[in-house]
Amino acid sequence: MRKITKKFGDFVANDCIDLKVYKGEVHALLGENGAGKSTLMNILYGLYTPTNGEIYIKGKKVDIKNPNVAIHHGIGMVHQHFMLIKPFTVAENIILGIEPITSFYQLNMKKAIEDVEEISKKYGLYVDPRAKIEDISVSMQQRVEILKALYRGAEILILDEPTAVLTPQEIKELIQIMRNLTKQGKSILLITHKLKEIKEAADFCTIIRRGKKIDMVEVSKIDENQLAAMMVGREVNFKVHKEEKRPGKVILQIKELTVEDNRGISTVKDLNLTVQAGEVLGIAGVDGNGQTELIEAITGLRKAKSGQILIKDYDITNKTPREVFESGISNIPEDRQKHGLVLDFTVYENMILENFRKKPFSKKFKLQKENIINFSKKLIEEFDIRPKDENNLARSLSGGNQQKVIIAREVTNDPELLIAVQPTRGLDVGAIEFVHKSLVDQRNKNKAVLLVSFELDEIMSVSDRIAVIYEGKIVGIVDAKKTTENELGLMMAGGGYK
């Protein structure tokens, strides 16, 4: 890619960027949220047309007007938010649009399944071709997306934040898959914020900052601290600074809580938990052990089967989300696009979603736009949301900046209890540093913080106490300063604790 520039109105998302990728290598694209990484890759895949610049594949200039042209040139893309049809089977998703047909012009499902099995075996990406997408894990869905691209003949594979929704074990499996693909001559472009994964998986790394290429480095010759500094333009503090603090009164109390999932199976079982003012309580556990149902029950999105949820002695069990919010709970949800934002609303509209009825945003049942705009501008500046335009639609922001909008809104609600679920998923190291500081600031203001994360490093560095959840029960609570990854890992797998 030569001198690629992309403008959206006056905003320059990519500014004269050069990128060169060789056959059989993993090339990482590193940059802050909103730096222009996904925009550059969307240009390569034909989703955007560059304002200026040229693209060459195998030395030949190409004009990639749409994804069909990109696929024709051997480019495939696995998006951060998967593009799969959930009620369809794995095989139906993979062959969609290029279905094998019989001599009678009917869908040849038998051949489709055989083709999927063959390509799965060839690349070491086993999935059940007959399984429905809605019934398989997130990591398996990702495999389907990769197979979908390979089935269409991809030689260059773009992976956009591929580890954002994976467990540590699944990340290791994905890195092995990438290595297997490069051994077979595939080239992989990896968009990620995770420096550790760049060190483990990538051969070369191009760093982009605010739309401009900063450098291209050989990964084996540089360390994580240098990569972080190049990405954000300053040294990054990976350690979370916390003052010693004595927890205060109990803010959240959960008694004998049982919650069922959509299948009617109890995924939270007689769970007991307390969170105190002035502490961060982290919940550690492997995904699928009841975390989602627990948080949904607390926030009013799911009915509890039995038990009690109390906020400062006020019973919020099975209350509506509005009643839960008004009791003093703010929530940074796990799925920012599904539960955190209205994507077709502007940034300023999303900033007041929970408070639009209140002064100064509303007067005599009429929205006070000037007050809303001023409030939004203040938060955009304070939380470094990019681009700095409150009129942008939420869907036009990068994933990380969408997350910042939610965090800005929820933190400024001044809650008694702040619930943060996967708050740094998809964020760069600079933004992670900021989010961690925001959570600790709430703790220092004598608020209670409930943190749910699959990142053990995050749980251990931000939390004061850590509760480990396994099969819907809290199997142990430990002091974050005194525990180890091994001890937590054993408890997360159902083992005992001291």
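Before moving on, here are some points about what is shown:
- Subset of the stretch 29-64 (residues that are in contact with a Pro (Cβ under 7 Å, 6 or more places away or on another chain) and hydrophobic (A, V, I, L, M, F, W, C)): I43, L47
Residues are listed down the side, and each one gets a yes or a no for (1) closer than 20 Å to F325 by Cα; (2) part of a strand (DSSP E or B); (3) in contact (Cβ under 8 Å) with a residue 60 or more places away in the chain; (4) under 24 Å from the mean Cα position of the chain (by Cα):
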residue	(1), (2), (3), (4)
K239	no, no, yes, yes
G248	no, no, yes, no
L271	no, yes, yes, no
I283	no, yes, yes, yes
D287	no, no, yes, yes
E296	yes, no, no, yes
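- Within the stretch 128-169, considering residues that are at pLDDT 90 or above and of a type in the set (V, I, T), the one farthest from D287 (Cα to Cα): I156
- Scanning the stretch 99-107 turns up one or more residues that are among the aromatic types (F, W, Y) and without any contact (Cβ under 8 Å) to a residue 24 or more places away in the chain.
- Considering residues of the stretch 151-169 that are touching a residue at least 40 places away in the same chain (Cβ under 8 Å) and part of a helix (DSSP H, G or I) only, the residue farthest from K23 (Cα to Cα): P168
- One residue from Y48, Y56, Y22 being within 29 Å of the chain's Cα centre (by Cα), among the aromatic types (F, W, Y) and under 24 Å from D203 (Cα atoms): Y22
- Of note, V219 does not satisfy the criterion of being touching a Ser or Thr at 6+ places or on another chain (Cβ under 7 Å), of a type in the set (V, I, T), surrounded by 14 or more Cβ atoms within 10 Å (Cβ to Cβ) and not assigned by TED's automatic domain parsing to the domain that holds V449.
- Checking K172, K148 one by one, the residue that is farther than 19 Å from G24 by Cβ, among the charged types (D, E, K, R), in contact (Cβ under 8 Å) with a residue 40 or more places away in the chain and in a helix (DSSP H, G or I) is K148 and no other.
- Selection from the stretch 196-236 of residues that are over 16 Å from G36 (Cα atoms) and assigned to a loop (DSSP other than H, G, I, E, B): A202, D203, I222, D223, R234, E235, V236
- Residue within the stretch 98-105 that is surrounded by fewer than 21 Cβ atoms within 10 Å (Cβ to Cβ) and in contact with a Lys or Arg (Cβ under 6 Å, 6 or more places away or on another chain) present: yes
- Each residue in the stretch 338-360 was checked for being loosely packed, with under 14 Cβ neighbours inside 10 Å, of a type outside the set (F, W, Y) and more than 25 Å from T292 (Cα to Cα), and 5 pass.
- Tally of residues being in a strand (DSSP E or B) and not hydrophobic (A, V, I, L, M, F, W, C) across the stretch 298-315: 6
- Here is the figure for the stretch 371-402: residues that are closer than 17 Å to S438 by Cβ and outside any loop (DSSP other than H, G, I, E, B) total 8.
- Qualifying residue in the stretch 137-149 (condition: surrounded by fewer than 17 Cβ atoms within 10 Å (Cβ to Cβ) and either small (G, A, S) or farther than 30 Å from I57 by Cβ (or both)): yes
- Filter result for E244 (assigned to a loop (DSSP other than H, G, I, E, B), over 27 Å from the mean Cα position of the chain (by Cα) and not assigned by TED's automatic domain parsing to the domain that holds K20): yes
- Only residues that are touching a Gly at 6+ places or on another chain (Cβ under 9 Å) and within 18 Å of M178 (Cα to Cα) were counted in the stretch 78-133, giving 1.
So that you can scan it fast, the table gives a plain yes or no per residue for (1) within 23 Å of H339 (Cβ to Cβ); (2) aliphatic (A, V, I, L, M); (3) surrounded by fewer than 15 Cβ atoms within 10 Å (Cβ to Cβ):
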position: S362; (1), (2), (3): no, no, no
position: I372; (1), (2), (3): yes, yes, no
position: K378; (1), (2), (3): no, no, yes
position: N391; (1), (2), (3): no, no, yes
position: S396; (1), (2), (3): yes, no, no
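- Among (1) in a strand (DSSP E or B); (2) within 24 Å of V435 (Cα to Cα), the one test that E256 misses: (2)
- Taking the stretch 414-459 as the range and being β-branched (V, I, T) and under 24 Å from A277 (Cβ atoms) as the test, the residues that pass are I419, V421, T424, V435, V440, V449, V452, I459.
- Identity of the residue in the stretch 164-194, in contact with a Leu (Cβ under 8 Å, 6 or more places away or on another chain) and polar (S, T, N, Q), that ends up surrounded by the most Cβ atoms within 10 Å (Cβ to Cβ): T192
- Wholly within the stretch 403-498, strands (runs of 3 or more DSSP E) carrying at least 3 residues that are touching a Gly at 6+ places or on another chain (Cβ under 6 Å) and surrounded by 23 or more Cβ atoms within 10 Å (Cβ to Cβ): 465-470
- Within the stretch 33-69, restricting attention to residues that are among the small types (G, A, S) and either part of a loop (DSSP other than H, G, I, E, B) or modelled with pLDDT under 95 (or both), the residue that is surrounded by the most Cβ atoms within 10 Å (Cβ to Cβ) is A35.
- Residue tally, condition of a type in the set (F, W, Y) and within 26 Å of Q80 (Cα to Cα), over the stretch 100-153: 3
The values are calculated or read from the model by the stated rules, or taken from the named source; none is laboratory data. As the structure is a prediction and not an experimental result, all values here were calculated from the model. Quick reminder, even Gly has a Cβ in these numbers, built from the backbone with ideal geometry, and neighbours come from all protein chains shown.
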